[in-house]
Amino acid sequence: MDPTPLLRSIELFEGLTDHDLAELGASLQRRQFAAGSMVFSQGDNGDSMYIVESGDINIHLPGEASRRISLKDIARGEYFGELALFDEKPRSASALATTETVLLELQRRTLEGYLENRPKVALAILRTLSERLRETNTMLSARAAKNVDEEFEKNLSWSDRLADNVAALNGSWAFILFLIALTIAWCAVNSGWLIKLPIDPYPFQFFNLALAILVGLQGPLIVMSQNRQSLKDRARADTDFKVNLKNEVNIETLLRELAEFRAEAKVREALRGKD
């Protein structure tokens, strides 16, 4: 399978020409992983990045089954492990194949030889990596919790507010009682009891037309409000995920520091015992 179309869809290589992509694709190594197998673990020495040709990868911080922190799910066309191309530090997270997966491996020495004659491509790759780092730093350093309803209210147009008000009114007893009272009053006025020449005599065709128009307008307005409510629910879920992720990372950091403190305390106690 030609990996060139897949490479073309990846933002990391958006500065490459078709010839460059074809040449880079020829240097990739295809690797297969069974569902449940580890691609690499946190702390492993890394010298390559991976592009998902098929399957799914879960990036996580290792721990016991109940303490494993899931960071991101990687699908076809996405990549991971790119930091290993630019430094010789251990892997900062673990990668697990959650389904039958085929990965395209790009090794550091291959990329180094490839970029020696293409400095512009190197700048494009570094720009993409810096954007990723900025997003991660923003998520971890900034305040993740926010009022989703308040954020939505700031950007509502007059038509959005009208749709929300109509949906709220239609779901209330006030609207039901108003409609019943209006129907009784209209029938009483146009039945001939109060005025001799009613404007809408029985069978009240004008009133039926007005009700039909009202129902026809209510439907789209209510659907608009429901669609916006779905967007709010998605935004809430995304906010909850960021808050939970930040809390889990902070808890993991506290646990690691506590373990280091305990280990240091044991060493000090051992030294005191020798004294």
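What follows is calculated from the coordinates using simple rules that are stated; it is not laboratory data. This is a predicted model, so every value here is computed, not measured. Every residue, glycine as well, gets a Cβ built from its backbone with ideal geometry; the counts of neighbours run over all protein chains shown.
Observations, loosely collected:
- The simple Förster model, with R0 at 30 Å and r as the Cβ-Cβ distance, assigns N45 and L258 a FRET efficiency of 0.65.
- Between the amide H of E100 and those of A35, distances stay under 5 Å, these residues lying 5 or more places away or on another chain, with hydrogens modeled in the peptide plane.
- Extension gain from L115 to S157, taking 0.36 nm per residue of separation minus the Cα-Cα distance: 10.2 nm
- Each Cα pair under 8 Å and six or more residues apart adds its sequence gap; the mean of these over the residue count of region 148-270 is a relative contact order of 31 percent.
- Extension gain, L61 back to R108 (0.36 nm per residue minus Cα-Cα distance, nm): 14.6 nm
- For region 201-240, the residues whose amide N sits under 16 Å from a probe point set 7 Å from the Cα of F175 along the beta carbon direction are 211-229.
- Extension gain from T98 to D233, taking 0.36 nm per residue of separation minus the Cα-Cα distance: 45.9 nm
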